[in-house]
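Enquirer: Quick one: this structure, given as structure tokens, is what I'll be asking you about.
The values are calculated or read from the model by the stated rules, or taken from the named source; none is laboratory data. Predicted, not measured: the structure shown is a model, and the values here were computed from it. Backbone-built Cβ (ideal geometry, glycine too); neighbour counts: all protein chains shown. The protein model used for the area step is the full one, side chains on, heavy atoms only, and it has no ligands, DNA or RNA in it. Shrake-Rupley method; radii C 1.70, N 1.55, O 1.52, S 1.80 Å.
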Amino acid sequence: MNHSSSAAGPSLALLRTAVAAFGRYTTAEDSWTAFQAATAPGVDPVLPGHRTALLRWLNAAGCRIRYPRTGEPDLFGTGVAGWWREYGELLPAAEERLVGLDDERIAAVGAAFAALSATPASLGRRPRPLGPTAASKLLHALRPYAVMPWDAAIAAALHQTRDGSAFAAHQRLGRAWGRAVLAEAGGPARAMTHADAENELAAAFGAPGRPLAKMLDDYCYLVFTAGSVEPGTDGTGSAGEAAAVPAIG
């Protein structure tokens, strides 16, 4: 697949196609719903039960982090708790949106990601760090509206590396894509907040409440990881238009 034009991001119609297609991955959707239920009304890494829920969700998402055996230390739990104490306050607030973050806030996300990626997560012949894919997913779980995750294929296609600077670049790319999609949809308008504009867009897509950062990740997964959507098409292999998307605002 040729990704040469993909950095321009999805059109409004293509993003709608991607969100609908990703919604058919029911296992992924069900595991996210279960995670949200286990951490309601909001995830808090200070709580041991919430750290356990994070680990279960990461493994359901394919991260394969070994659970501690009887008598072993909980490296994931203690590592995430220690990381949160140092970096939690640097993250965007729970209600902040990726499209509204400035470069300084995004740089802080990149620094938090780098530290989290290096945090020991499981035992083996030698301690295994959390790594860049699981760290990105965990950050997204903590701040689903403000952080766009990645996997190895997405990072390789768009950034060629997976360090903190690349993750910050990924957020800036998602910010630009998100702003372009909202502008194409006709919002935010009438002093509409980013949150209201994103919520209207998700509702128009038939995915109420879905964060724009996650919708953009749906697109990335289908283009770069699954290879089932060509950038610049309607998602069916043609260069036509997908179903019309109602304007927002």
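Enquirer: Whether any residue in region 108-119 is open to solvent by 20 Å² or more (accessible area, probe 1.4 Å), outside any helix (DSSP H, G or I), under 24 Å from Gly9 (Cβ atoms) and at pLDDT 95 or above is what I want to check.
Expert: No; the residues of region 108-119 include none that is open to solvent by 20 Å² or more (accessible area, probe 1.4 Å), outside any helix (DSSP H, G or I), under 24 Å from Gly9 (Cβ atoms) and at pLDDT 95 or above.
Enquirer: Only one of Ala155, Ala203, Ala168 is without any contact (Cβ under 8 Å) to a residue 24 or more places away in the chain, crowded, with 17+ Cβ neighbours inside 10 Å, part of a helix (DSSP H, G or I) and not hydroxyl-bearing (Ser, Thr, Tyr); which? Working first, answer last.
Expert: Numbers: Ala203 fails: crowded, with 17+ Cβ neighbours inside 10 Å; Ala168 fails: without any contact (Cβ under 8 Å) to a residue 24 or more places away in the chain.
It is Ala155.
Enquirer: Still on this structure, I have one more. Could you go through region 33-48 and let me know if any residue there is buried (at least 18 other Cβ atoms within 10 Å of the Cβ) and part of a helix (DSSP H, G or I).
Expert: Keep residues of region 33-48 that are buried (at least 18 other Cβ atoms within 10 Å of the Cβ), which gives 35, 39, 43, 45.
Adding the requirement that they be part of a helix (DSSP H, G or I) leaves 35.
For region 33-48, residues buried (at least 18 other Cβ atoms within 10 Å of the Cβ) and part of a helix (DSSP H, G or I): present.
Enquirer: Check off (1) open to solvent by 30 Å² or more (accessible area, probe 1.4 Å); (2) closer than 20 Å to Ala94 by Cβ; (3) not charged (D, E, K, R) for Pro144 and give me the number that stays unchecked.
Expert: Of everything listed in (1) open to solvent by 30 Å² or more (accessible area, probe 1.4 Å); (2) closer than 20 Å to Ala94 by Cβ; (3) not charged (D, E, K, R), Pro144 misses just condition (1).
Enquirer: Within region 211-221, is even one residue touching an Asp or Glu at 6+ places or on another chain (Cβ under 9 Å), open to solvent by 60 Å² or more (accessible area, probe 1.4 Å) and at pLDDT 95 or above?
Expert: Yes: region 211-221 contains one or more residues that are touching an Asp or Glu at 6+ places or on another chain (Cβ under 9 Å), open to solvent by 60 Å² or more (accessible area, probe 1.4 Å) and at pLDDT 95 or above.
Enquirer: Further question on the same structure: Quick test of your reading of the structure: Arg126 fulfils all but one of (1) touching a Cys at 6+ places or on another chain (Cβ under 7 Å); (2) closer than 18 Å to Gly79 by Cβ. Name the failing condition by number.
Expert: (1)
Enquirer: Among the numbered criteria (1) open to solvent by 60 Å² or more (accessible area, probe 1.4 Å); (2) not in a helix (DSSP H, G or I), which one does Glu96 miss?
Expert: Result: Glu96 passes all but (1).
Yes/no per residue for (1) in contact (Cβ under 8 Å) with a residue 12 or more places away in the chain; (2) among the β-branched types (Val, Ile, Thr); (3) on the phi > 0 side of the Ramachandran plot; (4) not in a helix (DSSP H, G or I):
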residue	(1), (2), (3), (4)
Arg51	yes, no, no, no
Leu54	yes, no, no, no
Arg64	no, no, yes, yes
Pro73	yes, no, no, yes
Gly79	yes, no, no, no
Gly82	yes, no, no, no
Tyr87	yes, no, no, no
Pro92	yes, no, no, yes
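Enquirer: Against the definition (in contact (Cβ under 8 Å) with a residue 24 or more places away in the chain, open to solvent by less than 10 Å² (accessible area, probe 1.4 Å) and part of a helix (DSSP H, G or I)), how does Ala197 come out, yes or no? Give the derivation first.
Expert: Numbers: in contact (Cβ under 8 Å) with a residue 24 or more places away in the chain: yes; open to solvent by less than 10 Å² (accessible area, probe 1.4 Å): yes; part of a helix (DSSP H, G or I): yes.
When the stated conditions are applied, Ala197 passes them.
Enquirer: Tell me, please, whether a residue that is surrounded by 24 or more Cβ atoms within 10 Å (Cβ to Cβ), touching a Ser or Thr at 6+ places or on another chain (Cβ under 6 Å) and aliphatic (A, V, I, L, M) can be found in region 120-138.
Expert: yes
Enquirer: If I filter region 8-32 down to residues being open to solvent by 60 Å² or more (accessible area, probe 1.4 Å) and either assigned to a helix (DSSP H, G or I) or in contact with a strand residue (DSSP E or B) (Cβ under 9 Å, 6 or more places away or on another chain) (or both), which single residue comes out as nearest to Asp218 (Cα to Cα)? Before the answer, list the steps.
Expert: Taking region 8-32 first, the residues open to solvent by 60 Å² or more (accessible area, probe 1.4 Å) are 8, 16, 24-27, 30.
Those still in the list that are either assigned to a helix (DSSP H, G or I) or in contact with a strand residue (DSSP E or B) (Cβ under 9 Å, 6 or more places away or on another chain) (or both) too: 8, 16, 26-27, 30.
Values: Ala8: 16, Arg16: 10, Thr26: 13, Thr27: 14, Asp30: 15 Å.
Per the criteria, the residue is Arg16.
Enquirer: Tally up the residues in region 120-152 that are assigned to a helix (DSSP H, G or I) and farther than 24 Å from Trp32 by Cβ, please. Before you say what the answer is, go through the steps one by one.
Expert: Here is the first cut: in region 120-152, the ones assigned to a helix (DSSP H, G or I) are 132-142, 152.
Next cut, farther than 24 Å from Trp32 by Cβ only: none.
Residues flagged as assigned to a helix (DSSP H, G or I) and farther than 24 Å from Trp32 by Cβ within region 120-152 amount to 0.
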